[in-house]
Amino acid sequence: MKKPMTKPVTAFRMLASVAALCLLRLYSQVPQPDGAGVEAGVLPARWIHGGPKCMEEPEWQVHEYNADLYILRESGCTHYEKPFLYVIFGNEKVTLIDTGAGQHNIGRVYDEVVAKWLRRKNRESIRKMVIHTHGHSDHISGDAQFRDRADIEFVPFDIPAIQKAFGLAQWPESVGRLDLGGRVLEVVPIPGHHSTDVAFYDARTGLLLIGDTLYPGRLYVTYWDQFTKSIERLVQFTQGKVITHILGCHIEQTNTPYLEYPIGSMYQPQEHALELSRGHLLELHQALQGLGDKPTRLAFRDFTIWPLGSEVLNEMRRTRKETEERLRSRMWQQTP
Ligand SMILES: [Zn+2]
Ligand SMILES: [Zn+2]
């Protein structure tokens, strides 16, 4: 027969369980060992950066973030914009985001990445898509390699096509989705840099792919009012979500705070990391709130707000020509 509990013991046990609860609360505030439940991935210490010897550098770097997500970087030897492209696999579909700058062979590279993934997964096939972060020429130059292929679902970068592909009822207020099978990307319209910008949020990895809207470099703003509203919506969209990295499509910043490479730089041996955080988004948001409706160039540690106008564009054209010609003349052996 069980002995009845005495009163002091009950009180002690109650105290102990309250203490345990307090401890549990305390520990629930610290990071969990599973990394908040997101699928982990790695970013390289350095990307290919246009030399020092163009003969040695591949046209594309294929980086495995994890087994189902790849980042491609175009060589600066191919085009000074050196954009980053993304390949994301679901169970039923894979998508390529953007098609690069200048003359290159992205069609073959995408096919190779998919073929290797199929071998790795012991599968016969997967449906292929091509989509874009926006319609600037350094993100669409490989479109012709995909547009007419029967095995590719190609989404053009005009707004009606984007709305249809991602189920966006209202542009730019709605949030759309792209279902790749067991993996849904949320699609957030963020016009301002261009008229067709969208961001993709992948809840599985916590990555926010943001195009040319926020990256370590010059944030070219074409439509100031739209840009400000888009950043506001993006802050609201990301509120309470796990954002592991914000990944853009370029690096123009050096690894020295406030110092950027001039436009046209094909060789960037000391470049900034690609990844930014939600803190950078909040920094940008706060700055835009402060500037109001007045387009202003403003430099921060890791990026610069850079409104575009005809005078600015002319200045940029001159700098680009001078920088590109200087670096291209010694592309086979850059000097420090
Ligand atoms: Zn752009
Ligand atoms: Zn770009």
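Here are the numbers:
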item: Residues located in the range 188-224, provided they are out of contact with any Gly (no Cβ under 9 Å at 6 or more places or on another chain) and among the acidic types (Asp, Glu); result: Asp202
item: Criterion (away from ligand 2 (no atom under 14 Å from the Cβ) and hydroxyl-bearing (Ser, Thr, Tyr)) met by exactly one of Ser137, Ser125; result: Ser125
item: Residue match in the range 132-143 (condition: surrounded by fewer than 19 Cβ atoms within 10 Å (Cβ to Cβ), over 23 Å from the mean Cα position of the chain (by Cα) and within 26 Å of Thr78 (Cβ to Cβ)); result: no
item: Entirely in the range 143-191, the strands (runs of 3 or more DSSP E) that have 2 or more residues that are in contact with a helix residue (DSSP H, G or I) (Cβ under 6 Å, 6 or more places away or on another chain) and free of Cβ contacts under 8 Å to residues at least 12 places away in the same chain; result: none
item: Flag if Asn122 is surrounded by fewer than 19 Cβ atoms within 10 Å (Cβ to Cβ), touching a Ser or Thr at 6+ places or on another chain (Cβ under 8 Å) and under 23 Å from Gly41 (Cα atoms); result: no
item: Cross-chain or 6+ apart pairs with Cβ under 9 Å, the range 307-336 first and closer than 26 Å to Lys294 by Cα, then in a helix (DSSP H, G or I); result: Pro307/Trp224; Pro307/Phe227; Leu308/Met316
item: Within the range 249-274, considering residues that are in contact (Cβ under 8 Å) with a residue 60 or more places away in the chain and within 16 Å of ligand 1 (Cβ to nearest atom), the one nearest to Met316 (Cα to Cα); result: Ile263
item: Where Pro336 falls short, out of the listed (1) modelled with pLDDT under 95; (2) surrounded by 14 or more Cβ atoms within 10 Å (Cβ to Cβ); (3) not hydroxyl-bearing (Ser, Thr, Tyr); result: (2)
item: All positions within the range 214-230 that are within 22 Å of Asp293 (Cβ to Cβ) and either within 14 Å of ligand 2 (Cβ to nearest atom) or under 15 Å from the mean Cα position of the chain (by Cα) (or both); result: Leu214, Arg218, Leu219, Tyr220, Val221, Thr222
item: Scope the range 285-336; condition touching a helix residue (DSSP H, G or I) at 6+ places or on another chain (Cβ under 7 Å) and outside any loop (DSSP other than H, G, I, E, B); matching residues; result: His285, Leu288, Leu298, Ile305, Pro307
item: The range 225-264: number of residues that are among the aliphatic types (A, V, I, L, M) and part of a loop (DSSP other than H, G, I, E, B); result: 5
item: Residues that are of a type in the set (A, V, I, L, M) and buried (at least 18 other Cβ atoms within 10 Å of the Cβ), drawn from the range 31-60; result: Ile48
item: Verdict on Leu313 being surrounded by 18 or more Cβ atoms within 10 Å (Cβ to Cβ), at pLDDT 95 or above and not acidic (Asp, Glu); result: no
item: Answer residue from the range 164-213, given it is within 16 Å of ligand 2 (Cβ to nearest atom), of a type outside the set (S, T, N, Q) and over 22 Å from Gly240 (Cβ atoms) and is surrounded by the fewest Cβ atoms within 10 Å (Cβ to Cβ) among those; result: Pro191
item: Residue within the range 147-162 that is within 16 Å of ligand 1 (Cβ to nearest atom), in contact with a strand residue (DSSP E or B) (Cβ under 7 Å, 6 or more places away or on another chain) and of a type outside the set (Ser, Thr, Tyr) present; result: yes
item: Filtered residues of the range 196-221 (kept if touching a strand residue (DSSP E or B) at 6+ places or on another chain (Cβ under 8 Å) and of a type in the set (S, T, N, Q)); result: Thr205, Thr213
item: Selected residue (criterion: nearest to the chain's Cα centre (by Cα)) from residues of the range 82-101 that are over 19 Å from Thr196 (Cα atoms) and part of a loop (DSSP other than H, G, I, E, B); result: Lys82
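The values are calculated or read from the model by the stated rules, or taken from the named source; none is laboratory data. This structure is a prediction, so every number in the text was calculated from the model and none was measured. When we count neighbours, we look across all protein chains shown, and the Cβ atoms used for this are built from the backbone with ideal geometry, even at glycine.
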